Amino acid sequence: MIRINLRKFHCQCGCGNEVKLKSHHMYSKVPKYISGHNGKDVSVETRRKISEKLKNKKKPLRSEEHCRKLSEVNKGKKQSEAHIRKRCEKLKGNSWNKNKRRPEEVCRKISAANKNKSKYQWNMVEKQCECGCGRILTRKYKVGIDSIPRFICGHFAKTVEGRKKMQEQTLGKLSPKKGKKCSTVTVDKMSKAAVRKIVMYGCNSGGYRCAKRGVFYSQKNQKEIKYESSYELQTYQKLEQDERVKNYDRCRFSIDYMFKDGIHKYIPDIHVMYIDNTEEIIEVKPEYLLEDNQNVAKFKAAKEYCKKNSLKFNVWIEKEIFGDEYGC
């Protein structure tokens, strides 16, 4: 490509103009002529032969741009009567389908195909939707075939009648797996996957949808820490202001506990390191969840684990998190 650009190529018709180089000329030959100049050095005899060959060929269709220009030029002009008469005489008797009829077999097939087709009439309806939304319904329908529409598309389900019909249709068609419990092997795999995710990324995608989630930047840790509730966010802010705290992060380990004749895994919320090198595990919970049976089992297992590993364990409720803000 560089070698081609260094050299200039001129049209060989003798006009002296330069041939414009393109990217595909690197792989193919550079043209000898500029477009339209390749017939300038052709003899008169050769030109006559070419014109005779092209005489009977159909002219190419006009482009949209060309048609637009012609319509602008001819706008408001009328053809003369002599010109119209001349065109009519020229076209007279030159119809392609003159004196031609369809074969009887083709006519029979067409009539058989159209025999069962019913002729229908379209009608337009404009009225208020019967669901009570107050919106205007405008729709076409086939007279004698379709019933007159009553609702806007999707509004039938808003009515009591629509809900009853949907319940009748879905009755007995529920998922066969609904109501069935997962096997202990599947539950164990799911819990291990969730624990692995929290240990690796510090957050799990599960949980309550209504919980506030996000990322909090800690100046003490010089990094972002994920929180999964507004209580955890408030706890981070409180730990950030506490001068006794050296650093803190989400817990990266799990604790096994027994609940309903099965072994489950529990991951506490926050792991705190103090200036005096003591460590504390903090679980953030609303006060009304303290007496929950599963939470009681979790806290019991966590206290035993922390006792073995020389750690402190505390559950923070509204009193420790918000202080006097909520009148605690």
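Per-residue answers, yes or no, for (1) in contact with a Lys or Arg (Cβ under 9 Å, 6 or more places away or on another chain); (2) in the same structural domain as residue 227 (by TED's automatic domain parsing); (3) closer than 30 Å to residue 271 by Cβ; (4) modelled with pLDDT of 75 or more:
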residue: 109; (1), (2), (3), (4): no, no, no, yes
residue: 114; (1), (2), (3), (4): no, no, no, yes
residue: 118; (1), (2), (3), (4): no, no, no, no
residue: 121; (1), (2), (3), (4): yes, no, no, no
residue: 138; (1), (2), (3), (4): yes, no, no, yes
residue: 145; (1), (2), (3), (4): no, no, no, no
residue: 154; (1), (2), (3), (4): no, no, no, yes
residue: 157; (1), (2), (3), (4): yes, no, no, yes
residue: 164; (1), (2), (3), (4): no, no, no, yes
Quiz item: Which numbered condition trips up residue 205, out of (1) hydroxyl-bearing (Ser, Thr, Tyr); (2) at pLDDT 90 or above; (3) surrounded by fewer than 16 Cβ atoms within 10 Å (Cβ to Cβ)?
Solution: (2)
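Given the structure, is residue 227 in the same structural domain as residue 193 (by TED's automatic domain parsing) and surrounded by 13 or more Cβ atoms within 10 Å (Cβ to Cβ)?
So residue 227 passes the test.
The values are calculated or read from the model by the stated rules, or taken from the named source; none is laboratory data. Since the model is a prediction, treat every value here as computed from it, not as a measurement. So basically every Cβ, Gly included, is an ideal-geometry build from the backbone, and we count neighbours across all protein chains shown.
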